[in-house]
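Here's the structure we're looking at; comments come further down.
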Amino acid sequence: MSESSVRPLLRADGVGKSYTLRGRRVDVLRDVSLSVRGGEVTALVGHSGSGKTTLLHILGLLAPPDSGRVCIEGAGGTGPADTSGLPDGALADLRRRRLGFVFQSYNLLPQHSALRNVALPFLGSRGAGEARARDLLARVGLAERADHLPGELSGGEQQRVALARALVNDPPVVLADEPTGNLDTDSEDVLLKLFRELADEGRAVLLVTHNPTVSESADVVHRMEKGTLTATDTRDVRSGPTTGTGSTE
Ligand SMILES: Nc1ncnc2c1ncn2[C@@H]1O[C@H](COP(=O)(O)OP(=O)(O)O)[C@@H](O)[C@H]1O
Ligand SMILES: [Mg+2]
């Protein structure tokens, strides 16, 4: 991986989000800024309730921030461009073409085979989608499971199907919320290897996790506390020991 391929593909600038519950305002995110770079695995860690999922949804253009902005490469121009104010159709298009999502609970359609689950979101023809889905299932080690329903797969296998689905439109950015949260360590290892391969291809991979094995495998770790980013550690995981830490405080 050359240095030039390590560049920001997705960025939050001063993102804020709050909810009003029974008349009380709760600030869930406060002035959060971070970049997710291609060629790297980035982890977002923090206690339950610190705002990780909310931030992931905002970065994934599933919910708008109340303040600040989300910029993504592919939204126009060169480098990440502002998505604020884009119409829903344009946001949906960016989501489909530029972003792949993996959820902790897999979110597979139970009545469809693994193959169909992967092929369904494909933007091209049905035939091409099925061919691509077969390739991706092979890539995640599930070529033999293409015709299984989700209920006929283990948790680790379902999560690999979900990852294959996230990749069907070849997105440059992959976002995953606690992707190994329900998995045994063998399945976790398989997934972490796949995430690393995706980064080595130049994609930006952002993993929300409270699992130390996952964050130790990341190139960059952002820590969240009560809606704010409190620290960022950068390390060279490929050559072993930590080479440097920095704090944004
Ligand atoms: N739709 C919502 N309405 C009100 N509060 C919410 C909503 N979604 C999340 N929250 C609150 O936002 C905070 C952060 O939630 P979340 O982003 O899910 O945290 P994490 O993923 O780090 O556990 C929590 O206190 C949660 O209760
Ligand atoms: Mg969460």
* **Checking LEU94 against (1) open to solvent by less than 50 Å² (accessible area, probe 1.4 Å); (2) under 26 Å from GLY181 (Cβ atoms), the condition it does not meet** => (2)
* **Failed item, numbered, when GLY68 is tested on (1) touching a residue at least 40 places away in the same chain (Cβ under 8 Å); (2) more than 10 Å from ligand 1 (Cβ to nearest atom); (3) part of a loop (DSSP other than H, G, I, E, B); (4) surrounded by 15 or more Cβ atoms within 10 Å (Cβ to Cβ)** => (3)
* **Index of the failed condition, GLY74 passing every other in (1) surrounded by 16 or more Cβ atoms within 10 Å (Cβ to Cβ); (2) within 16 Å of ligand 1 (Cβ to nearest atom)** => (2)
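Of the residues that sit in the stretch 13-60 and are basic (Lys, Arg) and not in a strand (DSSP E or B), which one is most open to solvent (accessible area, probe 1.4 Å)? It would help to see each step written out before you state the result.
Quick first cut of the stretch 13-60, residues basic (Lys, Arg) only: 17, 22, 24-25, 30, 37, 52.
With not in a strand (DSSP E or B) added as a condition, the list becomes 22, 52.
Details: ARG22: 219, LYS52: 16 Å².
The residue in question is ARG22.
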* Asked: Of all residues in the stretch 214-227, which are more than 16 Å from ligand 2 (Cβ to nearest atom), in contact with a Ser or Thr (Cβ under 9 Å, 6 or more places away or on another chain) and either open to solvent by 20 Å² or more (accessible area, probe 1.4 Å) or in a strand (DSSP E or B) (or both)?
  -> VAL220, VAL221
* To do: Would you mention how many residues in the stretch 20-42 are away from ligand 2 (no atom under 13 Å from the Cβ), touching a Gly at 6+ places or on another chain (Cβ under 6 Å) and aliphatic (A, V, I, L, M)?
  => 0
* To do: Go through the stretch 6-64 and count every residue that is more than 13 Å from ligand 1 (Cβ to nearest atom) and either at positive phi or of a type in the set (Ser, Thr, Tyr) (or both).
  => 7
* Structure fact -> Note on the stretch 200-213: residues buried (at least 23 other Cβ atoms within 10 Å of the Cβ) and small (Gly, Ala, Ser) are ALA204
* Any residue at all in the stretch 43-59 that is away from ligand 2 (no atom under 16 Å from the Cβ) and closer than 23 Å to GLU178 by Cα? -> no
* To do: Output the residues belonging to the stretch 97-113 that are open to solvent by 70 Å² or more (accessible area, probe 1.4 Å) and either on the phi > 0 side of the Ramachandran plot or β-branched (Val, Ile, Thr) (or both).
  => ASN107
* Asked: All but one of (1) modelled with pLDDT of 95 or more; (2) open to solvent by 70 Å² or more (accessible area, probe 1.4 Å) hold for LEU10; which doesn't?
  -> (2)
* Structure fact -> Scanning the stretch 44-72 for residues that are out of contact with any strand residue (DSSP E or B) (no Cβ under 7 Å at 6 or more places or on another chain) and within 21 Å of ASP88 (Cβ to Cβ) gives HIS57, LEU62, ALA63, PRO64
* **Candidates VAL45, VAL28, VAL36, VAL32 - the one that is more than 12 Å from the chain's Cα centre (by Cα), of a type in the set (Val, Ile, Thr) and within 22 Å of LEU86 (Cα to Cα)** => VAL32
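When the stretch 144-180 is examined, which residues are found to be of a type in the set (Gly, Ala, Ser) and in contact with a strand residue (DSSP E or B) (Cβ under 7 Å, 6 or more places away or on another chain)? If you could, list the steps in order and put the result at the bottom.
Initial filter on the stretch 144-180 (of a type in the set (Gly, Ala, Ser)): 146, 151, 154-156, 162, 164, 166, 176.
Selection gives ALA162, ALA166, ALA176.
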* Could you tell me which of the residues ASP186, ASP177 is acidic (Asp, Glu) and open to solvent by 30 Å² or more (accessible area, probe 1.4 Å)? => ASP186
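The values are calculated or read from the model by the stated rules, or taken from the named source; none is laboratory data. None of the values given here were measured: they were computed from a predicted structure. So basically every Cβ, Gly included, is an ideal-geometry build from the backbone, and we count neighbours across all protein chains shown. Heavy atoms of the whole protein, side chains included, go into the accessibility calculation; ligands, DNA and RNA do not. Shrake-Rupley method; radii C 1.70, N 1.55, O 1.52, S 1.80 Å.
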